[in-house]
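Every read-out reported here was derived from the displayed coordinates using simple, explicitly stated rules and does not represent laboratory data. Keep in mind that what you see is a predicted model, and the values were worked out from it rather than measured. With ideal geometry, Cβ positions are generated from the backbone for all residues, glycine too; neighbour counts draw on all protein chains shown.
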Amino acid sequence: MAVHNQSHRYPRFRFTSPRRAVNSPASAEPTVTAATASRAYVLAGLRFLMGFVFLWAFLDKTFGFGYATPSGKGWLDGGSPTEGFLSHVAVGPMESTFHDWAGAAWADWLFMLGLLGVGLALIAGVGLRIAAVAGTAMMALMWVAEWPPARHLSDGSASMSTNPFADYHLVYAVVLVGLAAAGAGATWGLGRAWARLPFVSRHRWLR
């Protein structure tokens, strides 16, 4: 009597290791989604903090709250937002230029409008690319005014520079560029609504 292969009658079972199951795309998807959401919240929080840095500087210099700007010496009281800082620049290749700019009306207006515009853009989450450009330009000028590479001031005294390159102005500039590149205005902000405006959608550099 012939013996036939009966293996086709029995179903074949494929066993999957627990490690392979855990690493499957379906199981990894919630983890990726959670990480993406967390990253968006962190960037939104960082955006608010940076916005408050710029907005507070504007408010303090305007009203003289007694922090960096003494009470009674605010912009509205007739004080100059740039004179105190620029007139005391004592180092760097633009020392004499900053002295010439100190207290000039155009310098005061540009500086204050820059602080207000960047601060509001970051808080609202709109126009982050423009804010990054304007904020980076402001930080670059302040970096040059303090000139961290110098170990001595123009009068020979120690500059007290803590780092010859990476100071907080540079860090702020990098953060501004990163927030704009990541589109950080979409979370806890008006970034999505702003991007849908016809004029903004036609000019992507306004986002």
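Quick notes
- Positive-end residue, the chain charge dipole about Cα centroid, Cβ charges, pick of 68, 140, 195: 195
- Projecting the Cα atoms of 173, 80, 110 onto the charge dipole of the range 45-206 (Cβ charges, centred on the Cα centre) puts 173 farthest toward the positive pole.
- Gained length - residue 196 relative to residue 105, 0.36 nm times residue gap less alpha-carbon distance: 29.1 nm
- Seen against the Cα atoms of the chain and their longest principal axis, helix 25-63 is set at about 10 degrees.
- Label zone at residue 29 (point 7 Å along Cα-to-Cβ), backbone N below 15 Å, the range 186-207: none
- Rg over Rh, two decimals, the range 140-207 (C-alpha only, Kirkwood Rh): 1.26
- Under 14 Å, Cβ to Cβ, from residue 122 - net charge with Lys/Arg +1 and Asp/Glu -1: +3
- Other residues with beta-carbon under 13 Å from the beta-carbon of residue 112 carry, at +1 per Lys or Arg and -1 per Asp or Glu, a net charge of -2.
- Unit charges on C-beta of K, R, D, E only; dipole of the range 50-196, Debye: 660 debye
- Sum of -39500 (n - 2.57) over DSSP H runs of 4+, divided by residues of the chain (222 nm, nearest 500): -18500 deg cm²/dmol
- Linear extension gain, residue 63 paired with residue 181, 0.36 nm per residue minus alpha-carbon span: 39.1 nm
- Structure-derived semi-axes √(5λ) of the Cα gyration tensor in Å: which label, when the choices are (1) 27, 22, 17; (2) 56, 22, 14; (3) 29, 22, 14: (2)
- Building the convex hull from the alpha-carbon atoms of the range 88-203 and averaging its projection over directions returns 8.6 nm².
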